[in-house]
Amino acid sequence: MAARAGSWPAGKKAEYVQQCKQIAVVQGVDAKKADLRCKCGADTIEKNFTTGEIEALGGKEMVDSKLLQRALTVVQKVCAQKGE
C-alpha cells in the first residue's frame, strides 16, 4: 500500500493511544507492551490513511466497516513486523 500520510485531528492521537492502552491492559497486556503497540497503531494509521479517513475512524458516527477492516489489517501487519 502506498503511503497516504494524513494528520490526526488535534488531541486525537493521544486520546487514541490512551484508550488503546486502557483496553489492552484490561485484556492482560503488559503496560509497557501496550504502550508500544498502541503508539505503533497510531503511527501506522497516520502514515497509511488520509486525514479524512483518520477523522472517520475516530468519529462518533458508525465507521464504514471496510475502512475499519482495512485499518485493522494494516495496523496488525505493520506492528507485527515490528514485534509490537
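Paramagnetic label reach from Asp30 (point 7 Å along Cα→Cβ; backbone nitrogen cut-off under 16 Å): within the range 43-84, residues 83-84. Helix content alone sets the calculated 222 nm mean residue ellipticity of the chain: runs of n ≥ 4 DSSP H residues at -39500 (n - 2.57) each, divided across all residues, give -22000 deg cm²/dmol. Here is the list for the range 24-62: trypsin sites (Lys or Arg not before Pro) lying in DSSP coil, each with at most 16 other C-beta atoms within 10 angstrom of its C-beta, are Lys60.
Please compare each pair in Lys39/Lys66; Lys33/Lys82; Lys13/Lys47; Lys32/Lys60; Lys12/Lys60; Lys12/Lys82 to a cut-off of 20 Å on the Cα-Cα distance and tell me which ones are over it.
On the way: Lys39/Lys66 23 Å; Lys33/Lys82 12 Å; Lys13/Lys47 12 Å; Lys32/Lys60 28 Å; Lys12/Lys60 12 Å; Lys12/Lys82 23 Å.
As for pairs spanning more than 20 Å Cα to Cα, those are Lys39/Lys66; Lys32/Lys60; Lys12/Lys82.
Since every read-out is calculated from the coordinates, none of them should be taken as a lab result. Predicted model only: the values in this text are computed from it and were never measured. Every residue, glycine among them, receives a Cβ derived from its backbone with ideal geometry; neighbour counts consider all protein chains shown.
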